[in-house]
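The values are calculated or read from the model by the stated rules, or taken from the named source; none is laboratory data. The structure presented is a predicted model; accordingly, all values stated were derived computationally and were not measured. Here Cβ is always computed from backbone atoms with ideal geometry, including for glycine, and neighbour counts include all displayed protein chains.
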Amino acid sequence: MHKYFPHTAQDIRRMLATCGVESLADLYADVPEELRMKAPYALGKGKSETEIRRYFNALASKNAPVEACFAGAGVYDHAVPATVSSLAGRSEFLTAYTPYQPEISQGTLQYIFEYQTIMSRLTGLDVSNASMYDGTTATAEAMLMAIAAGKKRRRILVSATLNPRVRAVVDTYAHYHGVPLETIPQKDGVTDLSALEQMLQAHADVAGVILAEPNYYGIVEDFSGVADMVHARKALLILNCVAADLATLRTPGEWGADIACGDAQSLGLPMSYGGPYLGYLCATKALMRKMPGRIVGQTTDAEGRRCFVLTLQAREQHIRREKATSNICSNQGLMTLCVAAYVALHGANGLREIAYRGHQMALYLLDRMTAEGGCCLKYAGKPFLNEFLLKLDVDAQEFIDYALREEKILAGVAVDGDCLLMAATEMQTKDDADRLAKAYGRYLNIAKEHKAARQ
């Protein structure tokens, strides 16, 4: 048996000399002393497979179980059929991860092609890629696409109704690419389109406008005439959309958007404590060569058989990285396959049925919560699909903690202290909604008693 030593002591000395330092510790000189490890990891002795299973089962038993989840804000609790994981594990698709050699990568190339076809049809746009890590980075990449297409235009306008977690990542990308960002104010929970028009007129260097549909508060915004407004100033319209809603609501293509982006988690990916997820990015044909990542096309081989290859992208994206649109090129392969399988299993009618059930449950939940008193719809009269914002008479996070502790229900996401963002899908029942509403009624009484005691 041969032992493998990656570097000899002599190799290490030569590498350190090349770096201009004397020791490995010098490589961490920029790390504050208080953050450096003072001792090796306390891993303990090795364990058998059985011991390891017992150990992690004991850790898992400490987790508080959640029986129903009404939280959303970009991540949604949908049922994932067992068929999805079964298809994702089939050997036909488990080919080479990097699909540059089509003769040995047909499985990978096929599911990427099928996924791209699905997302193109859902968004109503010409082209889709398959290489975004999540919806936040997909939106940031859409911003960079707009700048690449805008040449000397670099300013980006972002609606205040965009998910703040998406906005945070966009801000980070903008900071390191020197992109000036401006926020389009909101009015009654939706983008202030008159303010957008004024901002477009005030700045001649706007490359793109980023809007959300539905927005962070769950409201389905009306973007009639927005595309014409944006295009008149030679800017691009970018819509960040919840993927599961694309089969039900007006598509980005129908709104006249140039780019659609967002997270595809709601199309067959479990919440999984925050990932891995899959960002989608679709665009018009005119922007095809500005897209980062990979695009797969369908063709025929020498014998006339259907096959797939990487296609329609500038060579810089793969071999001249300093000139590439983006450094993102690795596919979320397994996630892409799961989404393709999920959508293919349900079809358009199935996706609409899922959305309908979520909408009906959201209406029932809203009715039950408001019937308890002490809360109201934050933006009354605004249309929503399966997510809405409630204004509470109590602290939202404290109620979330109470409902989780008492009913094992995750009530939603706290917004601005006294507002609760709630989402419903096909996964919750009327009994879940009833239990949560009753818990809210009890918590209101507890809060009133505490207030009276303090006075």
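Of everything in the stretch 22-59 that is β-branched (Val, Ile, Thr) and part of a helix (DSSP H, G or I), the residue that is surrounded by the fewest Cβ atoms within 10 Å (Cβ to Cβ) is THR50.
Scanning the stretch 78-92 for residues that are modelled with pLDDT under 95 and over 12 Å from LEU337 (Cα atoms) returns a single hit, SER91. Exactly one residue out of LEU312, LEU351, LEU334, LEU287 is among the aliphatic types (A, V, I, L, M) and in contact with an Asp or Glu (Cβ under 7 Å, 6 or more places away or on another chain): that is LEU287.
Touching a residue at least 60 places away in the same chain (Cβ under 8 Å), touching a Lys or Arg at 6+ places or on another chain (Cβ under 7 Å), among the aliphatic types (A, V, I, L, M) and crowded, with 19+ Cβ neighbours inside 10 Å: does that describe ALA130? It is true that ALA130 is touching a residue at least 60 places away in the same chain (Cβ under 8 Å), touching a Lys or Arg at 6+ places or on another chain (Cβ under 7 Å), among the aliphatic types (A, V, I, L, M) and crowded, with 19+ Cβ neighbours inside 10 Å.
Residues in the stretch 308-333 that are surrounded by fewer than 17 Cβ atoms within 10 Å (Cβ to Cβ) and either basic (Lys, Arg) or within 16 Å of GLY107 (Cβ to Cβ) (or both) were compared, and the one that is modelled with the lowest pLDDT is ARG315. Among residues of the stretch 226-245 that are within 18 Å of ASP192 (Cα to Cα), none has a beta-carbon under 6 Å from a residue that is polar (S, T, N, Q) and modelled with pLDDT under 95 at least six positions away or on a different chain.
None of THR136, THR161, THR117 is within 26 Å of GLU322 (Cα to Cα) and at pLDDT 95 or above except THR136. Taking the stretch 93-105 as the range and being at pLDDT 85 or above and more than 14 Å from GLY333 (Cβ to Cβ) as the test, the residues that pass are PRO102, GLU103, ILE104.
When you look at LEU16, is it modelled with pLDDT of 90 or more, assigned to a helix (DSSP H, G or I), surrounded by 11 or more Cβ atoms within 10 Å (Cβ to Cβ) and out of contact with any strand residue (DSSP E or B) (no Cβ under 8 Å at 6 or more places or on another chain), yes or no? Here the answer is yes, as LEU16 does meet what is asked. Out of the residues in the stretch 60-77 meeting the condition of being aliphatic (A, V, I, L, M) and assigned to a loop (DSSP other than H, G, I, E, B), tell me which one is modelled with the lowest pLDDT. The extreme case among them is ALA64.
The set of residues in the stretch 154-207 being part of a helix (DSSP H, G or I), over 24 Å from GLY279 (Cβ atoms), in contact with a strand residue (DSSP E or B) (Cβ under 9 Å, 6 or more places away or on another chain) and in contact (Cβ under 8 Å) with a residue 24 or more places away in the chain consists of LEU193, LEU196, MET199, LEU200.
Listed by first and then second residue, the pairs linking a residue in the stretch 288-309 that is of a type in the set (A, V, I, L, M, F, W, C) to a residue that is in a loop (DSSP other than H, G, I, E, B) and at pLDDT 90 or above, with Cβ atoms under 7 Å apart and 6 or more places separating them unless they lie on different chains, are MET291/ASN129; ILE295/ASN129; CYS307/ASP301. Considering only the stretch 394-414, I want to know if a residue exists there that is surrounded by 17 or more Cβ atoms within 10 Å (Cβ to Cβ), farther than 15 Å from CYS69 by Cα and among the hydrophobic types (A, V, I, L, M, F, W, C). Yes, the stretch 394-414 contains a residue that is surrounded by 17 or more Cβ atoms within 10 Å (Cβ to Cβ), farther than 15 Å from CYS69 by Cα and among the hydrophobic types (A, V, I, L, M, F, W, C).
The single condition among (1) on the phi < 0 side of the Ramachandran plot; (2) assigned to a loop (DSSP other than H, G, I, E, B); (3) free of Cβ contacts under 8 Å to residues at least 60 places away in the same chain that TYR379 does not meet is (3). Check whether at least one residue in the stretch 431-445 is over 23 Å from ASN215 (Cβ atoms) and among the aromatic types (Phe, Trp, Tyr), and report yes or no. Among the residues of the stretch 431-445, at least one is over 23 Å from ASN215 (Cβ atoms) and among the aromatic types (Phe, Trp, Tyr), which makes the answer yes.
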